[in-house]
1. When the residues of segment 146-160 are narrowed to those that are touching a strand residue (DSSP E or B) at 6+ places or on another chain (Cβ under 6 Å) and not in a loop (DSSP other than H, G, I, E, B), which ends up farthest from residue 267 (Cα to Cα)?
2. Of the residues 336, 267, 340, which single one is in the same structural domain as residue 239 (by TED's automatic domain parsing) and more than 24 Å from residue 103 (Cβ to Cβ)?
3. Could you please find all residues in segment 268-307 being free of Cβ contacts under 8 Å to residues at least 60 places away in the same chain and either part of a helix (DSSP H, G or I) or within 30 Å of residue 176 (Cβ to Cβ) (or both)?
4. I'd like to check something: does segment 385-395 contain any residue that is farther than 24 Å from residue 276 by Cβ, assigned to a helix (DSSP H, G or I) and free of Cβ contacts under 8 Å to residues at least 24 places away in the same chain?
5. Out of (1) free of Cβ contacts under 8 Å to residues at least 12 places away in the same chain; (2) closer than 23 Å to residue 149 by Cβ; (3) part of a strand (DSSP E or B), the odd one out for residue 64 is which?
6. Step by step: first the residues of segment 368-378, then only those that are surrounded by fewer than 16 Cβ atoms within 10 Å (Cβ to Cβ) and in a helix (DSSP H, G or I), then the one that is modelled with the highest pLDDT. Which residue is that?
7. So which of 98, 79 is exposed (fewer than 15 other Cβ atoms within 10 Å of the Cβ), at pLDDT 90 or above and assigned by TED's automatic domain parsing to the domain that holds residue 24?
């Protein structure tokens, strides 16, 4: 086993699992490093074992695909071809002369260091939600759309009894229908996209009939649960005292501004809101990988421009589980061939490559149709917090630009402290950039997550080392 090439896969979602299975089947020993207690990522998030869910498949679609992934993983775990390290929170990947070292913090308290040594690394770090600020968005009861879905899938609990699901993007559909199926009253699905934008992209969308059928299924579920749908609308404010009590929504004009006189107040105790997704690129940035806009740049084999580092899934561009599976399979086969010292044959993964091309085109069309309202920042009042960690208001950001001459996101951060808190701008950067009128630039952080000083101060030789190199 010690002579087998070693691959560290960071992330056990669809991309990471597909890559791990493809590489392990070709003689590579895979260490699957994941922050969650169970594999599956956000898409296949499983209920906690202690909840003893009787029908977890009711919370998912593509369940058969998950069963195949889970069965393959179990087989490789039993055979010793894959090691699964759960509750490992990766904060850095270090390049060394003998390969790469993945540094992680172990356990729910994230205080115990661990290290995994490998010949190659696959970044399958997924994506996270983008939420744009609006008056009242910090009230208890306002959650991200993905957060509401995670509560339902992972905890089997509802975020509230009467919900409004709002924002923009395909995630809103499964969130609204999932909450309704679990017993919540969904008072409205508020989508800022214009249906006409989908008509203009009919050719690209029609190339993926399975996706259209999936969308039709969600439409039927919306009708079945009698969920009112308001397209070309947006939430302009959330209202409440100690927690959320209602939201105000309004129609949008052609330029993305609320139309006067169309505002309507909807009573609710939960607002699940999201404005699309962004790739998790912290580890790639720390390694110095090239980015194409917000995405990690990869070639046709899913290789980054850093030797020994591949990337797959949402980190290379938001595209859903099907795209993640295709990219992960290609990456796993490429890695296995490269580590064996042979030139990969693209014909070996031709079906996955075709699926990748089609799905990328489909989601590129969706991205254009689901763009947030162009004038959303104009509706953010000066008193609205845009950086919750440091309690920085939109007014402070605007003063930094208008009075102090800040012309980029970094200068705004230095003048206002926006983005200097616990999340290091991961959550607030899109909102701050929009209010400031600045480009959303990569953070280029050395550390991908907060790390105790004691871990940084400890010499690598003295730290507890979870070395899988001999497995």
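The values are calculated or read from the model by the stated rules, or taken from the named source; none is laboratory data. A quick note: this is a predicted structure, and the numbers were derived from the prediction, not measured. Neighbour counts are summed over all protein chains in view; Cβ atoms, including those assigned to glycine, are modelled from backbone coordinates with ideal geometry.
1. Applying the filter and picking the extreme gives 146.
2. Testing whether each residue is in the same structural domain as residue 239 (by TED's automatic domain parsing) and more than 24 Å from residue 103 (Cβ to Cβ) leaves just 267.
3. 293, 295
4. There is at least one residue in segment 385-395 that is farther than 24 Å from residue 276 by Cβ, assigned to a helix (DSSP H, G or I) and free of Cβ contacts under 8 Å to residues at least 24 places away in the same chain.
5. So residue 64 meets the others, but not (3).
6. As a first pass, look at segment 368-378 and keep what is surrounded by fewer than 16 Cβ atoms within 10 Å (Cβ to Cβ): 368, 374-375, 378.
Pick out the ones that are also in a helix (DSSP H, G or I) and you get 368, 378.
On the way: 368: 86, 378: 92.
Among them, the one singled out is 378.
7. Being exposed (fewer than 15 other Cβ atoms within 10 Å of the Cβ), at pLDDT 90 or above and assigned by TED's automatic domain parsing to the domain that holds residue 24 holds for just one of 98, 79, which is 79.
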